[in-house]
Amino acid sequence: MAVEIPSLIKPSRLRSRGGLLGECLAEFLGTFVLISFGCGVVAMAVAALPGSGRAATTTTIFLAAGDWLLITWGWALAVMLGVYVAGGVSGAHLNPAVTLAMAVRRGFSWAKVVPFILSQVIGAFTGAALVYLVYHNAIDAFDATVQGPKVNGHTNATFSIFATFPAPYFHGGVWGPLIDQIAGTAFLLMGIAAVLDIRNQAVKANLAPLIVGFIVAAIGMSYGANAGYAINPARDLGPRLFTYAAGWDSLAFPGSVSGAFSAYWWIPIVGPLIGGVIGILVYDLFIGDVLVVRDEMARLPEPGRSRPVKSVDEDEEF
């Protein structure tokens, strides 16, 4: 139930937040919420559930493919909550790929692109820091138990709580993960464009965050295993910066695991930026432009008839 609440700060002192500053604060908080819940669910799956005795062993992450649903639905709800938090102020991009695509095709001000992206990355960094604060005991216990290559005592498994890496079957190649990120983000922007397009079957504004969350869940279920479906440069870069500062070092930057992949850090940034623009262009080419033409045709007079013309006297009546 919506209620009217008093302002914590006098309205006269809030005026500076009425424009771009307020929108950037909303992007920061929305992305913070997104990462806090998104990375939080991965922390549960990787470290907390095994370490708390709620898994088969202290190092068991997945027993079956169905366990992946914990991750996909967790991220879906994370996106939904982030959009609900920030949507009324900034539109809740929460993703540089969305911000760039909206600037390219939806008239979003180019002057806001860099401030929005910086706010998103800082929000993601802060969200990752909170997840580490809450789960560092479980993370340390998991890293101490697991055998295998480690960097400063940390494993790639616990790094995966925060940022992404490619599957082994790519054998360290670039093109497979890059195409994966382009495709996944293209689908994300196609879905967002459809949800927001009032000429299409747009949902009511209060349901849009839920549907966007479903889109993210669908991408995770269909395209998640290849490279962790970052589909958001801030979602990957912010936590990656945090993990680098927190001691994961080369696992974060340049994003390398000996014999598996190297210098991976740029792919979850470049891929989504390209994919987002492609996705919104494809939507407009195949759907958006058709809807625009149909709307214009509906306003034309029927064949053989002209539009009614009001006489001077008719105009004077109104």
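The numbers here are math on the coordinates, done by the rules we state, and not lab data. Small disclaimer: the values here were computed from a predicted structure and weren't measured. No Cβ is skipped: glycine too gets one built from the backbone with ideal geometry, and neighbour counts run over all protein chains shown.
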Folded to 0 to 90 degrees: helix 96-105 orientation relative to the chain principal axis, Cα: 20
For segment 107-232, convex hull volume per residue from C-alpha positions, Å³: 162
Given charges at Cβ of Lys, Arg, Asp, Glu: the chain dipole, positive-most of G184, V41, G288: V41
Hz values of 3J(HN,Hα) by residue in segment 53-59 - Karplus curve (6.51, -1.76, 1.60), Gly and Pro given as x: x, 9, 10, 4, 9, 6, 10
Only Lys, Arg (+1) and Asp, Glu (-1) charged, at Cβ; the chain dipole about Cα centre in debye: 560
Listed peptides 131-139, 62-70 by packing density, highest first (mean Cβ within 10 Å): 131-139, 62-70
Rg followed by Dmax, in Å, when segment 29-121 is reduced to its Cα trace: 16.9, 52
Per-residue [θ]222 nm for the chain (sum of -39500 (n - 2.57) over DSSP H runs n ≥ 4, rounded to 500): -18500 deg cm²/dmol
Principal-axis tilt of helix 20-43 within the chain, Cα atoms, nearest 10 degrees: 40
Cα pair distances of the chain binned at 10 Å [whole percent]: 6, 24, 31, 19, 11, 5, 2, 2, 0, 0
Order by protection proxy (mean Cβ within 10 Å, highest first), peptides 79-89, 204-214: 79-89, 204-214
Residues V203 and L118, FRET efficiency given R0 of 35 Å [Cβ-Cβ distance, rounded to 0.05]: 0.70
Protection proxy ranking of 259-265, 28-34 - average other beta-carbon atoms within 10 Å, highest first: 28-34, 259-265
Acute angle (nearest 10 degrees) that the helix 208-223 long axis makes with the longest principal axis of the chain, alpha-carbon atoms: 50
Length-normalised contact order of the chain in % [C-alpha pairs under 8 Å, at least 6 apart]: 23
Rel. contact order, % - alpha carbon contacts under 8 angstrom, at least six apart, segment 1-77: 25
